[in-house]
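Some notes on the structure that comes next.
A short reminder: the numbers here are calculations on the coordinates, not readings from a lab. Since the structure is predicted, the reported quantities are computational estimates derived from the model, not experimental observations. Note: ideal-geometry Cβ built from the backbone for every residue, glycine included; neighbour counts use all protein chains shown.
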Amino acid sequence: MTERTFSIIKPDATRRNLTGAVNAVIEGAGLRIVAQRRIKLTEAQAKKFYEVHAERPFYGELVSQMTAEPVVVQVLEGPNAVAAYREVMGATNPEQAAEGTIRKQFALSIGENSVHGSDSLENAGIEIAQFFTDDQIVG
Ligand code: ATP
Ligand code: MG
């Protein structure tokens, strides 16, 4: 089934000028970038986005990393896009990520792991709506 998922190219990757390299892996995996914008997340946006992790010990560090420098927010479209992108991203901890995945190739650490991808179709819809209106997504 054709799906849409939400992606963020995180500050560790934008800082190292890797947005094109990450997009090449995304497109190489058959996912289409149907919306994309470079922004600097506000603290309020980052806190809301990662609200589910508010009680975790790394929450403060995560919010400060995500707001330190620009990110690229994206909508990706393709067959089973949610699961397909999670596979292309690789495991949260780059040491456990499979060869060829974005995190294996580019992530610096479990925190600075280069990309975010929605973990369910429901969350994809919620996350996309936080950053894009329907008319900004061109499939
Ligand atoms: P994301 O939600 O960013 O796509 P994920 O779903 O693979 O990543 P989550 O468990 O949702 O992983 O964690 C969200 C983010 O919080 C991770 O991508 C990472 O940046 C950070 N994070 C997770 N676990 C840790 C940890 N143990 N130490 C530091 N940062 C962490
Ligand atoms: Mg997650």
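Can you find a residue in the range 79-99 that is on the phi > 0 side of the Ramachandran plot and in contact (Cβ under 8 Å) with a residue 12 or more places away in the chain? Write out each step before concluding.
Just the residues of the range 79-99 that are on the phi > 0 side of the Ramachandran plot, to begin with: 80, 90.
Among the residues that remain, those that are also in contact (Cβ under 8 Å) with a residue 12 or more places away in the chain are: 80, 90.
Among the residues of the range 79-99, at least one is on the phi > 0 side of the Ramachandran plot and in contact (Cβ under 8 Å) with a residue 12 or more places away in the chain, which makes the answer yes.
The conditions are (1) farther than 21 Å from residue 125 by Cα; (2) more than 12 Å from the chain's Cα centre (by Cα); (3) within 14 Å of ligand 2 (Cβ to nearest atom), and residue 103 fails exactly one of them. Which is it?
Of everything listed in (1) farther than 21 Å from residue 125 by Cα; (2) more than 12 Å from the chain's Cα centre (by Cα); (3) within 14 Å of ligand 2 (Cβ to nearest atom), residue 103 misses just condition (2).
Here are 97, 124, 84: which of them is more than 8 Å from ligand 1 (Cβ to nearest atom) and in contact with a Phe, Trp or Tyr (Cβ under 8 Å, 6 or more places away or on another chain)? Even if it seems obvious, please write down each step before you answer.
Numbers: 97 fails: in contact with a Phe, Trp or Tyr (Cβ under 8 Å, 6 or more places away or on another chain); 84 fails: in contact with a Phe, Trp or Tyr (Cβ under 8 Å, 6 or more places away or on another chain).
None of the others qualify; the one that does is 124.
Matching residues to (1) more than 16 Å from residue 8 (Cβ to Cβ); (2) away from ligand 2 (no atom under 16 Å from the Cβ); (3) among the hydroxyl-bearing types (Ser, Thr, Tyr):
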position: 38; (1), (2), (3): no, yes, no
position: 43; (1), (2), (3): no, yes, no
position: 69; (1), (2), (3): no, yes, no
position: 96; (1), (2), (3): yes, no, no
position: 112; (1), (2), (3): no, no, no
position: 123; (1), (2), (3): no, no, no
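Working only within the range 1-21, note down all residues that are of a type in the set (A, V, I, L, M), closer than 23 Å to residue 139 by Cα and part of a helix (DSSP H, G or I).
Our first condition is that a residue be of a type in the set (A, V, I, L, M); within the range 1-21, this holds for 1, 8-9, 13, 18, 21.
Still in the running and closer than 23 Å to residue 139 by Cα: 1, 8-9, 21.
If the condition is that a residue be of a type in the set (A, V, I, L, M), closer than 23 Å to residue 139 by Cα and part of a helix (DSSP H, G or I), then 21 is the only one that fits.
What number goes with the only condition from (1) within 15 Å of ligand 2 (Cβ to nearest atom); (2) under 19 Å from residue 85 (Cα atoms); (3) surrounded by fewer than 12 Cβ atoms within 10 Å (Cβ to Cβ); (4) not acidic (Asp, Glu) that residue 28 does not pass?
All conditions pass for residue 28, except number (1).
Do any residues in the range 41-58 that are within 15 Å of residue 71 (Cβ to Cβ) have Cβ atoms under 8 Å from those of residues that are part of a loop (DSSP other than H, G, I, E, B), where the two are at least six apart or on different chains, and which pairs are they?
Note: pairs meeting the criteria are 47/54; 49/41.
Within the range 121-133, is even one residue without any contact (Cβ under 8 Å) to a residue 12 or more places away in the chain and part of a loop (DSSP other than H, G, I, E, B)?
Yes: the range 121-133 contains one or more residues that are without any contact (Cβ under 8 Å) to a residue 12 or more places away in the chain and part of a loop (DSSP other than H, G, I, E, B).
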